Amino acid sequence: MIELCNVSKTFQTDHAEVEAVRNVSLNIEKGDIFGIIGLSGAGKSTLVRCINFLEVPTSGEVKFKGTSLASLSKKELLETRRKISMIFQSFNLLSQRTALKNVCYPLEIAGVPKKEAEKKARELLSVVGLEDRVNSYPAQLSGGQKQRVAIARALATDPEVLLCDEATSALDPNTTRSILDLLKNINETMGVTIIVITHEMKVVEQICTKVAVLDRGTVAETGPVREIFLAPQSQIARELILPKSAAVAEVRGGPVIRLVFDGQSSFEPVISNLSLECHAAVNILGADTKNIGGKAYGQILLQLPADEGSCVRIRNYLTGRNIKFEEAEA
Amino acid sequence: MEVLNNLFGDGMLAMYGEAILVTVKITLLSTLLSYILGIPLGVLLYGTSKDGIFPSAPVNGIVGTVVNIIRSIPFIILLVMTQPVAKLITGSKIGDDAFIVYLVIAAAPFVARMIESSFREVDRGVIEAAQSMGSNNFQIITKVLLPEAKPSLIVGSAIAITTILGYTPMTYLIAGGGLGQMAIQYGLYRFESDIMYISSILLIILVQIMQETLNYIAKKSDKRIRGK
Ligand SMILES: Nc1ncnc2c1ncn2[C@@H]1O[C@H](COP(=O)(O)OP(=O)(O)OP(=O)(O)O)[C@@H](O)[C@H]1O
Ligand SMILES: [Mg+2]
């Protein structure tokens, strides 16, 4: 659906050149929810803006359904942008228009008759659960509601791709979850390919199928979320994924393992069951787990006892319960 | 009684009325024409700026310099310098109509800068969102910049209109009319300070009415305030 080939973007500032994106090649397929994760300043926003040519890459090629965006005329590019919608961290709604009129905007500029546009806008606002707020102005809506309006607006032109630049970064955890659920739903029911830019592993974990880890403008690692989540290879991916150790590992303690919950196992008191069944005490160094629809997501960093026997029992127990883990350094 | 008769009798009321009409006409027409010239200039200044929607350093440099030069010329000097323009347009270098020409030449660059600064207040992210939806520049100007900047533009027009009103007494220099001219005429040359005070008070009332009305409209039209 979207192909990036050796995309680079260099900014010329008064003092120096900033290489915001360097040689990025990615292939995003139809139906993917593709995460692009990286620390602040890694070049995520720049990269995503290259995808709809809001930023023209310094070199490299961006292809949408096989056509290079650089080869399009100005008019064709504007039309293509209607197929690649975008939502933002700061929502970017028109403050002087009601929710309904905001959703009408993209239809208006595409020349859709007013009546038809309003009908579609109403439908979309009810898809995002705001049918009772059509006449509210953005200032009268909460952050989550504003993002819903923005999503409805982004969907108005029946896009094939939806770019989300830190779309949930300004929202609280519950609202974040509901917005992510909405995006997932849109992906499943409308078949919209979604590209999610974020600095939070939680977001990737919750909805993405594939992920690319961006480090100072380059792709450090890319692949299916489960693989990278289970065994991150690059330094930056480990930093983003591994929970920060809450306690210092005991000097005389045993090896440290990382348990990964990717929704395959049900939510249960794993650690206490493990302790009881294996007759071993473990030390939790860090944990970040949550229960989504009865399934466990997240990870726990465990320090095992020093004796070999307990370690073997624990590893067998985990394998038996189908809980994924990897060796980690403390 | 005698005093009142002096001030309001014997066709004095008609004179005040006439003066008010002239002042209002000069002010409104000048403001309107200044905006007709100032809006495209403001759009050009904003659009061609470094982070505008159609950046162009040369165009921005040229338009910006011309605007700044005109703005820095004192009004009286500008009036003298642009007499041929007034003659060309109205057929005369003096009178109310010629005065409108001078006022417009002086005010349009000022209006352009005000419009530019109103546009700058529009969130860059909103413009970017509009671009991401495939808007062309014309649509961004008419459907995003102007409506989003509307409250600020109306407040700006209140400033413009009162500033222009403040210049209207200068008509007395070129045989024009209006309240200001009347105040100068009676106060300065005929020592009838009562009439001078009355016409001045009328002028002040006029300023207040225009300013308050526009500020009210601006407030009323702004949807960024909660609870409306
Ligand atoms: N228009 C610009 N001119 C100059 N430098 C820029 C410009 N836009 C971005 N940069 C630089 O490019 C780098 C990457 O910026 P970018 O906004 O893409 O990062 P990001 O990953 O989105 O960060 P964040 O998570 O904070 O949004 C930064 O060093 C930034 O200073
Ligand atoms: Mg960013």
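The values are calculated or read from the model by the stated rules, or taken from the named source; none is laboratory data. Remember, predicted model here, so these are calculated numbers, not experimental data. Methodologically, a virtual Cβ is constructed for each residue, glycine included, from the backbone with ideal geometry; neighbour enumeration extends over all protein chains shown. Ligands, DNA and RNA are stripped out before the accessible areas are found, and what is left, the full protein with its side chains, is counted by its heavy atoms. Shrake-Rupley method; radii C 1.70, N 1.55, O 1.52, S 1.80 Å.
Summary table
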item: A:Asp181 accessible area, 1.4 Å probe, all protein chains in place, Å² to nearest 10; result: 80 Å²
item: Accessible surface of A:Met1 - all protein chains present, 1.4 Å probe, nearest 10 Å²; result: 40 Å²
item: Neighbour net charge for A:Thr193 - beta-carbon separation under 9 angstrom, K R +1, D E -1; result: -2
item: Table column - 3J(HN,Hα) (Hz), segment A:209-215, Karplus curve with 6.51, -1.76, 1.60, x for Gly and Pro; result: 9, 10, 8, 10, 9, 9, 10
item: Helix-only mean residue ellipticity at 222 nm for the protein assembly as shown, each DSSP H run of n ≥ 4 adding -39500 (n - 2.57), per residue, nearest 500; result: -16000 deg cm²/dmol
item: Simple label model, 7 Å out from Cα along Cβ direction - A:Ser126 to A:Asp158, nm; result: 1.9 nm
item: Translational diffusion of segment B:102-219, µm² s⁻¹ [Kirkwood Rh, Cα pairs; Stokes-Einstein; 20 °C; 1.002 mPa s]; result: 128 µm²/s
item: Chain B, accessible surface, carbon-and-sulfur percent (1.4 angstrom probe); result: 68 percent
item: Nearby lysines by direct alpha-carbon distance to A:Lys65 (threshold 28 angstrom, same-chain neighbours under 8 apart not counted); result: A:Lys9, A:Lys30, A:Lys44, A:Lys74, A:Lys75, A:Lys83, A:Lys120, A:Lys184, A:Lys210
item: Rg/Rg_globular for segment A:2-235, with Rg_globular taken as 2.2 N^0.38 Å and Rg from C-alpha atoms; result: 1.01
item: Selected from B:Pro169, B:Pro151, B:Pro84 as most flexible by GNM, with chain B as the system and alpha-carbon contacts under 10 Å; result: B:Pro84
item: Alpha-carbon Rg/Rh ratio, for the protein assembly as shown, with Rh computed the Kirkwood way; result: 1.17
item: Choice from B:Tyr46, B:Tyr189, B:Tyr16 showing the highest fluctuation, given a GNM over chain B with Cα pairs closer than 10 Å; result: B:Tyr189
item: Dimensionless Rg over Rh [segment B:14-67; C-alpha; Kirkwood]; result: 1.33
item: Point-to-point label distance, B:Ile159-B:Ala57, nm (Cα→Cβ direction, 7 Å offset); result: 2.9 nm
item: Percent RCO, i.e. relative contact order, over chain A, from Cα pairs under 8 Å lying at least 6 residues apart; result: 18 percent
item: In sequence order, calculated HN-Hα J values of segment A:188-201 (Karplus, 6.51, -1.76, 1.60; Hz; x Gly/Pro); result: 6, 7, 9, x, 7, 6, 10, 10, 10, 9, 7, 10, 10, 4
item: Burial order of peptide ranges A:161-168, A:7-14, A:142-149 (average beta-carbon count within 10 Å, highest first); result: A:161-168, A:142-149, A:7-14
item: Candidate aspartates and glutamates - alpha carbon under 20 Å from A:Lys63, same-chain residues fewer than 8 apart omitted; result: A:Glu3, A:Glu29, A:Asp32, A:Glu55, A:Glu76, A:Glu79, A:Asp158, A:Glu160, A:Asp165
item: Residue-normalised accessible area of chain A, given per residue in Å² at a 1.4 Å probe; result: 44 Å²
item: Accessible area buried between chains B and A, both sides summed, probe 1.4 Å, in Å² to nearest 100; result: 2300 Å²
item: Sites A:Glu327 and A:Ser25 - FRET efficiency at Förster radius 25 Å, r taken between beta-carbons, to 0.05; result: 0.20
item: Rg(Cα)/(2.2 N^0.38 Å) for segment B:156-228, N = residue count; result: 1.46
item: Fully extended contour minus Cα-Cα distance, from A:Gln235 to A:Lys115, at 0.36 nm per residue; result: 37.8 nm
item: Segment A:2-235 - percent of accessible surface contributed by carbon and sulfur, probe 1.4 Å; result: 47 percent
item: Inter-chain shielding of A:86-97 (mean C-beta neighbours from other protein chains, 10 Å cut-off); result: 6
item: Convex hull of Cα atoms in segment B:2-220, direction-averaged projection (nm²); result: 14.0 nm²
item: Estimated FRET transfer efficiency when R0 is 30 angstrom, pair B:Lys219-A:Gln12 (beta carbons, to 0.05); result: 0.10
item: Eligible lysines near B:Lys150 by straight Cα distance, threshold 20 Å, same-chain separation 8 or greater; result: A:Lys101, B:Lys219, B:Lys220, B:Lys223, B:Lys228
item: 1.4 Å probe accessible area per residue over segment B:2-220, in Å²; result: 49 Å²
item: Förster radius 25 Å - calculated FRET efficiency between A:Ala170 and B:Asn137, Cβ distance, rounded to 0.05; result: 0.30
